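Remarks on the structure that follows.
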Amino acid sequence: MIKESLEGKKIAITGATGFLGTALVELLLREVKDVQLRLLIRPAGRRSAQKRLERDIFRNDAFKTLKDNLGESTFEAMVKSQIEAISADISKPNLDLDEDGIKEISNCDVIIHSAAAVSFDEPLDRAAEVNLMGPVRLVETLKELNASPHVVMVSTCYVAGNRKGKAPEKPLSQSPFYVPLNWREETEAARRTRAYTEDDSRRSENLEKFRTEAKEELGAPGISVIASKTEQIRERWVKEKMVEAGRERATSLGFPDAYAFTKAMAEQAVQEIRGNIPLSIVRPSIIESSWQAPTPGWIRGFRMAEPIILNFGRGTLKEFPGIPEGIIDIIPVDLVASAIVAAASQTPPKETQIFQVASGACNPIRIGILADYVHDYFGKFPILDEKNQPITPSKWEFPGRGRVVTQLTRAKRLLKITERTLHKLPIRGTSAMIVADLEERRNELDKAMEYITLYGKYVECEAIYDVTNLLSLWEKITDTDRQAFPFDPRIINWEKYVYDIHLPTVVTQGRVKTSPTSTSVDSRYSRLRKQVLDPKRQLAVFDLENTLIASNVVASWGYLATKRLSPSERARVIAKTLLEAPNMLAMDRRDRTDFLRNFYRKYEGAPIAQIDEDSLDMFNEFILNKSFPSAIRRVREHRTLGHRTLLITGALDFVVQPLKPLFDEILAPSLSHEGENYSGKMSQVPPIGETRAAVLREYAENHEIDLSESVAYADSTSDLPMLEAVGFPVAVNPETKLATLARRRGWLVENFQPISGSPKKILPLGTSKES
Amino acid sequence: MANNRRKHPRPGLVLEVDRTTPPTLFHHGENFKLEKLPPGRSRIIYPAEPLPGMVNPNQAIRDALENPLGDSPPLSALLFSGMKLTIAFDDISLPLPPMRKPDIRQRVIEAVLDTAAAAGVDDVHLIAALALHRRMTEAELRHAVGDRVYDAFSPSGAIYNHDAEDPEGMVSIGTTPHGEEVQINKRAAESDLIVYVNINLVSMDGGWKSTATGLSGYTALRHHHNPQTMVKSKSFMDQENSELHKSNWRQGKVLKDSGIKVFQIETTVNNNTFGYDGPLAMLQKREWEWTLKDRALFLGMQGGIKRMSTQARRKAFMGWESPYEITSVQAGEVEAVHKQTTENVYKQHLVKVDGQTDVLTMGLPYICPYNVNSVMNPILVACLGLGYFFNMYKGKPLVKKGGVVIMTHPTPWEFHPVHHPSYIDFFDRVLSETTDAVEMSQKYEKAFAEDEWYRHLYRTSYAYHGVHPFYMWYWCSHALEHLSQVIIVGGQPEAVRRMGFRPASTIQDALEIASDTVGFSPSITHYHSPPILMADVT
């Protein structure tokens, strides 16, 4: 009946690149003969609809069984003759369709609308544009075209809102929980909220806050990097505000989140404007991995429950919100897809027909039972920690959401404080990497908490979703159809589903460690190191201070300034420099270029000949002694491999002059001359921060070097523009901020150390006689 | 005090270890170990006690200058007004540890300068004959020649380090019948007379090696500083049987035939390395003769060392200056002088040893010729043990062919960034690929020798020449060819393995490892040095 009625029909689908959409495409292709599918796909970036059809849909493993059964070429032919991608965007007027698209849409028999912004952290206006205005635009377009295909709209059970008791398969207006919603006004309000929030984010005190935050995160990498970071933070802030607005508005009207809220409005809106377009609404509950087809446990992307389950398996989450006797309403994706197809195959009804696809009413799984399954599963198949020890799952005690959240919040706050404190300490290298670890842990907690907050709402929502319509449809269909389109929730064996299907999928998808491996930090670093030392690289650029040597410009000056002084004069210089230190440090933190400009004034009037002579002594007695042998070795390795080597430093040219033969080239600022003396003024902008990146780009251009094939070594976030300019950045003895960034971006981190017993003076002093 | 110094010092000793033998001292880098050797099959070779020093060394020096050996006129007869005089002297690698002031070089140079001044010579240069070693710092030069000499010559730039990479500063003299190129410092070559001031610490030093090597460069040195020559030098401490020396002597003949005049002054010192009394005196005593005070001092020292930072420990050890006494001065024609000198060296060092051993043990000290005021890196550990100590024999090697050497040293994976830059690359790049001296010499030696960065550091900083780590490895060639295994007790495992040796945590473990090749009850000989001893094995 289903098969026959849909045979040879033309069906348009929105949201085909999504989890449910992909399952739909696969199911229709597999079970309905000669079905013509028109997939409305939004071009993403430079990727066209056609490209996305190939990459995002047909490369998915959902089609593996079908390809295997048909053979690659038959499958290809089938796809070619039965499927067409139509470029469309439901958030734009007329769906942004071109002429061909319009033609295709207007003669469709069925349109399945499954496109939605399902992410729980969707900003209010975006949720409204996509979830609410999307279907409105679709219906309006159809009306304009005078087309009246059977529209099957995918909604959600949670449109019923956060209420206890039975939720019937009826239009919301007929539901006992009905809250009249003015969808037009809500949309306008959402748009206004966006405009207001955008304005708010540009208020000077907010912009200042963002900038401070950017500086706190990055240090002083230069204006443009800070600027783009600030903008990033502003955008994130706006998004957070909009997400919050969505959540708040949804909660105020009794919905768990903006998704359910906007979907509820969409149902009403579409019914209101549909005219004579026949409409079916399918409301699934929480969609999870498949029960049987295309393969048991098939899933696309990470859903809501997975992160919670994984965090539980990993031991980060010890408790779960909700009550043991509560029902968790989940439904495998293949059942939902089948129900949708079944609904679509019905003779277009005059009245809106509604099907709820949910398990709670006819085959409920209780949270306590689910918890036991999960607990058993991870007891038997534990996730391993970094030392390959199994992590023992803890037994849930259901302390209520409040306490779980408090626990998490407390842990998070503690981590945050520790992280902040550590950021302020002058630590580098290995110890700095600890801070990076902390950040990772905090992010994990963050995520777990967000899921808990959200999932908690779903779990605490004790509504029972009626499935009478669904089951009577099931009664009507033939055995053949039942085979092809199983959508009866009663067929699910929950123990088998959780234990044998869902959890193994989650574990595989989550790429957690379940068998002992040596995927340690060391092996990751050695892989990265191999990339860095690949003969294909073209240029290796090095920073000087704390990358090649454990020293800085102040130290060099200290040496040169005191080399020819008597002991008492020397003491005076030390005292004076120490007094200036706090100011200088503060300036350095604000802007390194200013600091250097200011600091180099100290060289004013220094005799050129003498400084040049003393610089060589300094190099031998001081700089080389404080050098990192492995760093110098690294420069040599790059040269041996045929890479060009370049030193870019803010240190003065006479200081680094003796390093010349080590590199192919050195770019360092020089001081202008006044007769026989140095003027204390730099002849050019020192290569620091973004200037360094600019100098590097110019250098690469002049030498026809591809920076994406180049390596850069640096130790601090002030070198961020340079590190970001190359394809293979390496953080050397990173300070905490860079350590965190390097960890986040998967950069190679090297710990180059001076030899034990090398001089460790705060301010090195030159002596005319070496002892 | 005085009773510690013997009027008739006892010669070296070979002690058979029995149950009553107290634990034996092993040097262990900047530390010491006391080890029990298996009784019944172990023996310990002790160096001879220090020979009496000269009562009036300054007078002895003057006498030697005026009563030269061989066919040389007295020094005063060789000096004349208006001449060019070059005084070349041994560098920081001699003696070891550095000697207390005044250094012999200072005494000899002052005497030579006095004679030169009397003859009206005013064009005098002083050159540290360091070949491809690192340059000496001002402080080190001052220590060697004394402040008075340094201050007199430094302002005019007449005292300096030899620079074998100065294209303007080196000249080719010719080629030996064996095809070996001869090269020398240009100033020395153009001088009317070269006076060479040597310290003959071990029998390898001196003779033509002073000028033909010390004032030479890579072009000439590669003809004898290579694996082929070193394998044929059995040992390089025994001139009669050393291909290294034969090659140097051939080069010396070319120098002589070209008209270059060398007045050689050689000196010897006794075995008073650690003093008759003082904090380290027990190190040159035999363990069963340690007094209560010696034991207490030793324990205290070990405790102190443990608590010191790396930096403090290194400073303390490198600060030790030996109270050597001068035992002889010879001057005149190179070969005649050196014959006499060698006899005097042997008098102090040779110890008669009967028969070879399966296992040779040695405790490696904190210093070797190439890490004065520096770090003893793994390559230098290998060189000290397998180059120097292993070759301290005349006749037959102490250890049988196919035997095992067990040495103790922490062997840290650490390199001095100023002194040993090319060692870092050598260790990382060359040794990770091959430990075969011949293979590495063919594949890598030239590139290291001609590397611009190393050349720059050798000439302007204080780095050993780029090729130097190769020479260190070649020095081990004879031992590596002779032995079946080398085990380093207490060494950093990765560093030890990189060199193709086996790390062990205790002597017992080392003997267990050695049993693979020498069985479970091998004969063991402990080479108890420093102070220096040379085994005369029959």
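Please treat every number below as a calculation from the coordinates, not as lab data. Note that the coordinates shown come from a computational prediction; the quantities given were computed from them, not determined experimentally. Reconstructed Cβ throughout: ideal geometry from the backbone, glycine too, with neighbour counts over all protein chains shown.
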Residue-by-residue Karplus 3J(HN,Hα) for segment A:384-390, coefficients 6.51, -1.76, 1.60, Hz, glycine and proline x:
9, 7, 5, 9, 6, 8, x
Sorting A:H673, A:H643 on the 10 Å Cβ count, fewest up front, what's the list?
A:H673, A:H643
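Take every DSSP beta bridge whose two residues both sit in segment A:527-750, then give the antiparallel share in percent to the nearest 5. All intermediate terms of the calculation are to be shown ahead of the outcome.
Numbers: 5 of 23 bridges.
In segment A:527-750, approximately 20 percent of DSSP beta bridges are antiparallel ones.
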Show me, for segment A:193-206, the HN-Hα J-couplings you get by feeding each phi into the Karplus relation (A = 6.51, B = -1.76, C = 1.60, θ = phi - 60°), rounded to Hz, glycine and proline as x.
4, 4, 4, 5, 5, 4, 4, 4, 5, 9, 5, 4, 5, 6
Assertion target for A:T717, A:T17, ordered by fewest C-beta neighbours within 10 angstrom first, is A:T17, A:T717
Fraction of antiparallel bridges per DSSP, chain B only, in percent to nearest 5:
30 percent
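Arrange the peptides A:683-692, B:117-126, B:293-302, A:731-740 so that the one whose residues have, on average, the most other Cβ atoms within 10 Å appears first.
Numbers: A:683-692: 21.2, B:117-126: 16.6, B:293-302: 13.9, A:731-740: 26.6.
Descending packing order for the listed peptides: A:731-740, A:683-692, B:117-126, B:293-302.
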Under 15 Å from a label point 7 Å along Cα→Cβ of A:S472: give me every residue in segment A:163-180 with its amide N that close.
A:168-171
Reduced to Cα centres, the span from segment A:560-596 to segment A:13-66 in Å works out to 67 Å
Expressed as an acute angle from 0 to 90° and rounded to the nearest 10, what is the orientation of the C-alpha long axis of helix A:689-702 relative to the principal long axis of chain A?
90 degrees
Of the chymotrypsin sites (Phe, Trp or Tyr not before Pro) in segment B:200-250, which ones lie in a loop per DSSP and count no more than 13 other C-beta atoms within 10 Å?
none
Distance in nm between pseudo-label sites at A:E217 and B:T460 (7 Å out along the Cβ direction from Cα):
4.3 nm
Among B:P503, B:N200, A:I57 the positive-end extreme of the charge dipole of the protein assembly as shown (Cβ point charges)
B:P503
Cut-off under 5 Å, modelled amide H: who pairs with B:M170 long-range:
B:K186
If you plug each phi of segment A:88-102 into the Karplus form 6.51 cos²θ - 1.76 cosθ + 1.60 with θ = phi - 60°, what whole-Hz ³J(HN,Hα) values come out, in order, with x for Gly and Pro?
8, 9, 6, 8, 10, x, 6, 6, 6, 7, 8, 4, 4, x, 4
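Using per-residue counts of other Cβ atoms within 10 Å, averaged over each peptide, order A:495-506, B:312-323 from highest down.
Details: A:495-506: 19.7, B:312-323: 16.3.
Result, highest mean Cβ count within 10 Å first: A:495-506, B:312-323.
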Length gained, A:R413-A:K164, 0.36 nm per residue minus C-alpha separation, equals 86.2 nm
Once Lys and Arg get +1 and Asp and Glu get -1 on their Cβ, which of A:I648, A:I611, A:V732 lies farthest toward the positive end of the dipole of segment A:527-750?
A:V732
Take A:D34, project a point 7 Å from its Cα along the Cβ direction, then tell me which residues of segment A:69-95 have their backbone nitrogen under 19 Å from it.
A:75, A:77-84
Long-range HN-HN contacts of B:M534 with modeled amide H, under 5 Å:
B:L350, B:V351
FRET efficiency, A:I323 to A:A147 (Cβ-Cβ, R0 60 Å, nearest 0.05):
0.80
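What percent do you get for the relative contact order of segment B:1-58 when only Cα pairs under 8 Å and 6+ apart count?
Numbers: 67 pairs, mean separation 25.0, N = 58.
So the answer I get is 43 percent.
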Using a simple spin-label model with points 7 Å from Cα along the Cα→Cβ vector, what separation in nm is obtained for A:A581 and B:R6?
5.7 nm
Quick one: which residues, 5 or more positions from B:A88 or on another chain, have an amide H under 5 Å from its amide H? H modelled 1.01 Å from N in the peptide plane, none for Pro or chain starts.
B:I127, B:V195, B:Y196, B:V197
What average count of beta carbons from other chains do you get within 10 Å of the Cβ of residues in B:305-312?
2
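If I take R0 = 45 Å and measure r between the Cβ atoms of A:E185 and A:H703 in this structure, what FRET efficiency does the formula 1/(1 + (r/R0)^6) give, to the nearest 0.05? Show your work: numbers first, answer last.
Numbers: r = 62 Å, r/R0 = 1.37.
Between A:E185 and A:H703 the formula returns 0.15.
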In whole angstrom, the spacing between the Cα centers of segment A:464-540 and segment B:114-190 equals 78 Å
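Pick out, in residue order, every one of the GluC sites (Glu not before Pro) in segment A:1-67 that is DSSP loop and has at most 15 other C-beta atoms within 10 Å; say none if there are none.
Numbers: sites: A:E4, A:E7, A:E26, A:E31, A:E54; in loops: A:E7.
When the GluC sites (Glu not before Pro) of segment A:1-67 are filtered for loop state and at most 15 Cβ neighbours within 10 Å, A:E7 remain.
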Take the cross-link list A:K387/A:K416; B:K339/B:K396; A:K457/A:K496; B:K232/B:K352; B:K261/B:K396 and give me the ones stretching past 29 Å between alpha-carbons.
B:K261/B:K396
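Mind checking segment A:38-136 for trypsin sites (Lys or Arg not before Pro) that DSSP puts in a loop (not H, G, I, E or B) and that have at most 12 other Cβ atoms within 10 Å? Write out the running numbers ahead of the final one.
Numbers: sites: A:R38, A:R46, A:R47, A:K51, A:R52, A:R55, A:R59, A:K64, A:K67, A:K80, A:K103, A:R126; in loops: A:R46, A:R59.
Answer in residue order: A:R46, A:R59.
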Cβ-based net charge around A:F599, under 14 Å, with every Lys or Arg adding one and every Asp or Glu removing one:
+2
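Just subtract the alpha-carbon distance of B:A158 and B:F520 from 0.36 nm times their residue separation and send over the number in nm, one decimal.
Working: separation 362, 0.36 × 362 = 130.32 nm, distance 6.11 nm.
Length difference between fully extended and current span is 124.2 nm.
Under the rule of -39500 (n - 2.57) per DSSP H run of 4 or more residues, summed and divided by the residues of the protein assembly as shown, what mean residue ellipticity at 222 nm is obtained, to the nearest 500 deg cm²/dmol? Numbers along the way, then the final one.
Working: 51 runs with 548 residues, N = 1309.
So the helix-based figure for the protein assembly as shown works out to -12500 deg cm²/dmol.
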Under a plain spin-label model, where a point goes 7 Å from the Cα along Cα-to-Cβ, how far apart in nm are B:D63 and A:M1?
13.1 nm
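Hey, got the dipole for the protein assembly as shown? About the Cα centre, +1 on K and R Cβ, -1 on D and E Cβ, debye to the nearest 20? If you can, show how the numbers build up before the last one.
Numbers: 160 positive and 166 negative charges, 529 e Å.
Dipole about the Cα centre, nearest 20: 2540 debye.
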Against the longest principal axis of chain A, how steep is helix A:133-144, in degrees 0 to 90 to the nearest 10, with axes from Cα atoms?
50 degrees
Cα centroid separation, segment A:177-218 to segment A:254-299 (Å):
27 Å
